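Data first, discussion second: the structure below is written as structure tokens.
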Amino acid sequence: MPVGTGAGPCYIASMDLALKDRVVLITGASGGIGSATARAFAAEGARTVLHGNSNRPGVEALAAELGDRALPVIADLTDEAAVTAMFERAIEHQGMEDRILHAATDIDPGTA
């Protein structure tokens with residue numbers, strides 16, 4: 001499956017990772033690594049929760065690309081209430097009886 005942008009596509013070999021219908025929360029989903037990761041999990045049948053902070057259009061476009069099994073969420077990960085709301089929305093929409101978290105985000109060391 002080709003993914004990525006730039007000089008040329010990157011190919012990810014498909015294998016059964018037993019991710020069908022599992023819920024995966026991907027932080028930084030609007031960026032290069034995050035969006036490629038989201039596409040790879042979706043290709044394996046996972047339901048995705050796509051987190052973004054400042055790039056709402058990017059997260060929403062990725063969710064539209066991945067279809068109704070993807071949920072876009074916007075949250076500032078330095079704000080505890082926003083993170084709690086993000087998980088509550090994810091649980092409400094996707095169930096999240098099991099969880100996998102993939103962190104692909106850029107955190108400013110001055111705020112961490």
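The values are calculated or read from the model by the stated rules, or taken from the named source; none is laboratory data. The shown structure was predicted, so the numbers you read here are calculated from the model rather than taken from an experiment. Cβ: placed from backbone, ideal geometry, glycine included. Neighbour counts: every protein chain shown.
Counting residues in region 15-23 that are crowded, with 16+ Cβ neighbours inside 10 Å, assigned to a strand (DSSP E or B) and in contact (Cβ under 8 Å) with a residue 60 or more places away in the chain gives one or more. Scanning region 35-77 for residues that are out of contact with any Ser or Thr (no Cβ under 7 Å at 6 or more places or on another chain), assigned to a helix (DSSP H, G or I) and of a type in the set (Gly, Ala, Ser) returns Ser35, Ala36, Ala40, Ala61, Ala63, Ala64. You will find that of Glu65, Glu60, Glu92, the residue that is at pLDDT below 90 and acidic (Asp, Glu) is Glu92 and no other.
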